[in-house]
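A short worksheet on the structure shown next.
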Amino acid sequence: MKQYVIDDIGQVDYEKMKKYLDDNFKDSSMDGIYWIPIDEEFLDDVQTEHEECQPFYFAVEAVPERIVFELLVRTKNRMRCDCMKYANESQRNWLIEVVDSLLQKLEILA
């Protein structure tokens, strides 16, 4: 699995990140799993055409020793579809910018 991983974070930083994720992206029934919706402007042609599969997300797993941002574009509406695939360059860069901005905002690894 392709991932963007923030590891070796301390308990205080983990709690700050978890609170932010709980407040802003808690859309999963599984504890520690979050869904970051992808801005529509970053969807590729197939994803844009698949309106029934929208919205698209990146999954995030938060555990005390690390935060894992999957680089797989997912939909909650289907288990398999051509529109679910690894992030293209613009989607990957967008997610990394979102994560890096969040780390800066929360003063984690600053």
Out of residues 5 or more away from residue 3 or on other chains, whose amide H comes under 5 Å of its own, with H placed 1.01 Å from N in the peptide plane? 71
Flagged links, alpha-carbon separation over 19 Å, of 2/26; 19/76; 26/85; 16/105: 2/26; 19/76; 26/85
Relative to the chain, whose Cα atoms define the longest principal axis, helix 11-25 and its Cα axis are tilted in degrees, nearest 10, by 30
Using Cα pairs closer than 8 Å and at least 6 residues apart in sequence, work out the relative contact order for the chain, in percent. 29
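Whenever you get a sec, compute what percent of the accessible area on the chain sits on carbon and sulfur atoms (1.4 Å probe).
Working: 3060 of 6670 Å².
It is 46 percent, rounded to a whole number.
As a test of understanding, state the convex hull volume per residue of region 7-95 from its alpha carbons, in Å³.
Working: hull volume 8.8 nm³, N = 89.
Taking the convex hull of the Cα positions in region 7-95, it is 99 Å³ per residue.
Quick one: accessible area per residue over region 1-103, 1.4 Å probe, rounded to a whole number of Å²?
On the way: 5990 Å² over 103 residues.
Per residue, region 1-103 has 58 Å² of solvent-accessible surface.
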What are the extents of the Cα atoms of region 56-110 along their three principal axes, in Å, largest first? 39, 25, 14
Sort 84-97, 66-79 by packing, meaning the average of other beta carbons within 10 Å per residue, with the highest value first. 66-79, 84-97
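The values are calculated or read from the model by the stated rules, or taken from the named source; none is laboratory data. Bear in mind the structure is a predicted one, so any value in this text is a computation, not a measurement. Glycine gets a Cβ as well: all are built from the backbone with ideal geometry, and neighbour counts include every protein chain shown. What goes into the accessible areas is simple: the full protein's heavy atoms, side chains included, and nothing from ligands, DNA or RNA. Shrake-Rupley method; radii C 1.70, N 1.55, O 1.52, S 1.80 Å.
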